[in-house]
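The values are calculated or read from the model by the stated rules, or taken from the named source; none is laboratory data. Values in this document were obtained by computation on a predicted structure and should not be read as measured data. Here the Cβ positions follow ideal geometry from the backbone for every residue, glycine too, while neighbour counts run over all protein chains shown. Note: areas computed on protein heavy atoms with side chains; ligands, DNA, RNA excluded. Shrake-Rupley method; radii C 1.70, N 1.55, O 1.52, S 1.80 Å.
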Amino acid sequence: MTDENGDRNGHATEVRERWNRPENAAVLAGIRDALTGGGDWRGMVRTWTRPWGIDHDLAGIPLVGAELTGADLTGVHLGYADLRGCDLSGCHLTDASLTGADLSGAILVNATLTRVNGGLCDLTGADLSGARADDAVLSRARLAGATLRGASLRGAKLVGADLTHADLTDADLSDAVLIAARIEGTILTGARLDGVRHGSLRP
C-alpha cells in the first residue's frame with residue numbers, strides 16, 4: 001500500500017515532469033512569456049488542457065527567476081511549482097494553491113496571499129514585507145530567514161512551520177495558529193499577537 005508521502009511525491013513528480021516533455025516545450029515557453037508579459041496565459045492553459053478547458057492549472061511549472069510583478073494569479077494551482085527567486089511583488093494570489101511549491105528567495109513584497117493553501121511550501125529567505133496572507137494555510141511551510149516585516153497573517157495557520165530567524169517585525173499575527181512552530185531567533189518586535197494559539201510552541 002502506498003503511503004501518503006509516496007502519493008504526494010508521486011504527484012509532485014508527475015506534475016513537474018509534464019513541463020519537461022519535449023512535446024510541451026513550446027507550451028511552456030508560450031505560457032511563461034504570457035505570464036511575464038501580461039498576455040492571455042489562461043487562454044493558453046485552457047487550450048492546452050482540452051477537452052477539460054482548465055485555465056488555472058500551473059502545477060509543477062518551472063519559473064525560476066521569472067519577473068511576475070503585479071500578475072493576477074487568483075485561484076491558480078501552483079502546487080509543486082519551481083518559483084525560486086521569482087519577483088511576485090504585488091501579485092494577487094488569493095485562494096491560490098502553493099502546496100509544496102519552492103519559493104525560496106522569492107520576492108512577494110505587498111503580495112496578496114489571502115486564503116492561500118501553502119502547506120509544505122518553501123519560503124526560505126523569501127521577502128514577504130507588507131504581504132497580506134490573512135487566513136492562509138502555511139502548515140509545515142519553511143520560512144527560515146524570511147522577511148515578513150509589516151505583513152498581515154491574521155488567522156493564518158502556521159502549524160509546524162519553520163520560522164527560524166524570520167523577521168516578523170510589526171507583523172499582524174492576530175488569531176494565528178502557531179502550534180509546534182519553530183521560532184528560534186525569530187524577530188517579533190512590535191508584532192501583534194492577540195489571540196495567537198501557540199500550544200506546544202517551541203521554544
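General observations
- Residue-level accessible surface for Ile54, protein heavy atoms, 1.4 Å, Å²: 60
- Pairwise inverse Cα distances across the range 44-89, averaged and inverted, put the Kirkwood hydrodynamic radius at 11.3 Å.
- Gain in span if fully extended, Leu193 to Ala180, counting 0.36 nm per residue against the direct Cα distance: 3.1 nm
- The protection proxy used here, the mean number of other Cβ atoms lying within 10 Å of each residue, ranks peptides 26-37, 96-107, 155-166, 42-53 as follows, highest first: 96-107, 155-166, 26-37, 42-53.
- A quarter of the convex hull surface defined by the alpha-carbon atoms of the range 74-153 gives 3.8 nm² as the mean projection.
- Alpha-carbon Rg with Dmax, taken over the range 1-86, Å: 13.4, 45
- Quarter of the Cα convex hull surface for the range 25-181, i.e. its orientation-mean projected area (nm²): 7.8
- Accessible surface of Val76, taken over heavy atoms with a 1.4 Å probe and every protein chain present, rounds to 0 Å².
- Exposure rank, largest accessible area first [His92, His77; 1.4 Å]: His92, His77
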